[in-house]
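Enquirer: Have a look at this one before I ask anything.
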Amino acid sequence: MMDTAFSTFPFIVAGAIVLLLIIFFYYVPFLLWISAKVSGVNISLLQLFLMRIRKVPPYIITQAMIEAHKAGLKTLTRDELEAHYLAGGHVEKVVHALVSASKANIELTFQMATAIDLAGRDVFEAVQMSVNPKVINTPPVTAVAKDGIQLIAKARVTVRANIKQLVGGAGEETVLARVGEGIVSSIGSSESHKSVLENPDSISKLVLRKGLDAGTAFEILSIDIADIDIGKNIGAYLLMDQAQADKNIAQAKAEERRAMAVALEQEMKAKAQEARAKVIEAEAEVPKAMADAFRSGNLGVMDYYRMKNIEADTTMREAIAKPTASTPSNKPLKE
């Protein structure tokens, strides 16, 4: 047992030493410190150790300082890079952007670069876009000229990043919306769709004069109309819809007049029936009045017969005056 314990003791000691060395070199990155010294970056082993304690990756900060030092950006300090990392920023992209801006003679300070990065924008991509402008293709924009013909236009917008407006400036969606609005306004103000097809550059000139890049993170360099297609005849459709609407209105008014005429006819019939009822009622009173006249002596028997003869004579005259089927016509007979 003793021999076995003494035989395994050296392995245990060696393992402990290896573990201690791994922990030591993790918290004290000696090789990284040598790399920084060789590159001319002044940083101490104590600062690298304290970075581990502050949970800041020493490799990221040291590599950023080496890149900045080699590019001639000697104003960057370790504290600034650490503060930006702890704030949630991307140290590598900020340093890459500063180096690219320095080489391209673009004015970009560390404070501005960190502000752009913390605002959620890719500062390195913005610097690249300032050097190499980006082309944005607009979706199909539909507009109607004054003659009623619909045109569908597509445009290519060449933009360059505006470094000073990246913080708080509007993005690509706003630029595309403004360009689409300008295209619709330009086509809508044209007298004929033919003039637009003949001179599509008139749209670009009109849109560019409006200053659509104000308040955005981009500077519009050019707007080129890539394609224009002819759509529907919107004017004809509108006239057809208007004619159909006028027809429906006229039909509604005619139906209203017909309903009023029917109502008036029904009212007149009701009044006629009421009048006939009153006549019948009055006629029913005649025999009573005659009976009263007989009883009172105001009407004699001869007067009564004379009145009946007058009624019979009137009835006969009315019958003679009415035409009948047997009445001969005034047309001459054919021989």
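Enquirer: Say whether the condition of being under 30 Å from Ser100 (Cβ atoms), of a type outside the set (Asp, Glu) and outside any strand (DSSP E or B) is met by at least one residue in the range 179-193.
Expert: Yes.
Enquirer: Are there any pairs with C-beta distances below 8 angstrom linking a residue in the range 43-66 that is under 10 Å from Glu82 (Cβ atoms) and open to solvent by 50 Å² or more (accessible area, probe 1.4 Å) to a residue that is in a helix (DSSP H, G or I) and of a type outside the set (Val, Ile, Thr), with the two at least 6 apart or on different chains, and if so which?
Expert: So the pair list comes out as Arg54/Glu82; Arg54/Leu86.
Enquirer: Could you check the range 264-291 and list, in sequence order, the residues that are closer than 20 Å to Asp303 by Cα and of a type outside the set (A, V, I, L, M, F, W, C)?
Expert: Within the range 264-291, Glu283, Glu285, Pro287, Lys288 qualify.
Enquirer: Here's another thing I want to ask about it. If I filter the range 207-238 down to residues being open to solvent by 40 Å² or more (accessible area, probe 1.4 Å) and free of Cβ contacts under 8 Å to residues at least 40 places away in the same chain, which single residue comes out as farthest from the chain's Cα centre (by Cα)?
Expert: Residue satisfying both the conditions and the ranking: Arg209.
Enquirer: Continuing with the same structure: Here are Ala64, Ala113: which of them is over 24 Å from Ala170 (Cβ atoms), modelled with pLDDT of 85 or more and small (Gly, Ala, Ser)? Quick ask: steps written out before the conclusion?
Expert: Working: Ala113 fails: over 24 Å from Ala170 (Cβ atoms).
Among Ala64, Ala113, only Ala64 is over 24 Å from Ala170 (Cβ atoms), modelled with pLDDT of 85 or more and small (Gly, Ala, Ser).
Enquirer: Would you mind stating whether Asn162 is in contact with a strand residue (DSSP E or B) (Cβ under 6 Å, 6 or more places away or on another chain) and either at pLDDT 90 or above or not small (Gly, Ala, Ser) (or both)?
Expert: yes
Enquirer: Still on this structure, I have one more. For Ile136, state whether it is part of a strand (DSSP E or B), in contact with a Ser or Thr (Cβ under 7 Å, 6 or more places away or on another chain), among the aliphatic types (A, V, I, L, M) and within 19 Å of Val175 (Cα to Cα).
Expert: Criteria not met by Ile136.
The values are calculated or read from the model by the stated rules, or taken from the named source; none is laboratory data. The structure presented is a predicted model; accordingly, all values stated were derived computationally and were not measured. Cβ atoms come from the backbone with ideal geometry, glycine included; neighbour counts cover every protein chain shown. Note: accessible area is taken over every heavy atom of the protein model, side chains too, but ligands, DNA and RNA are not part of it. Shrake-Rupley method; radii C 1.70, N 1.55, O 1.52, S 1.80 Å.
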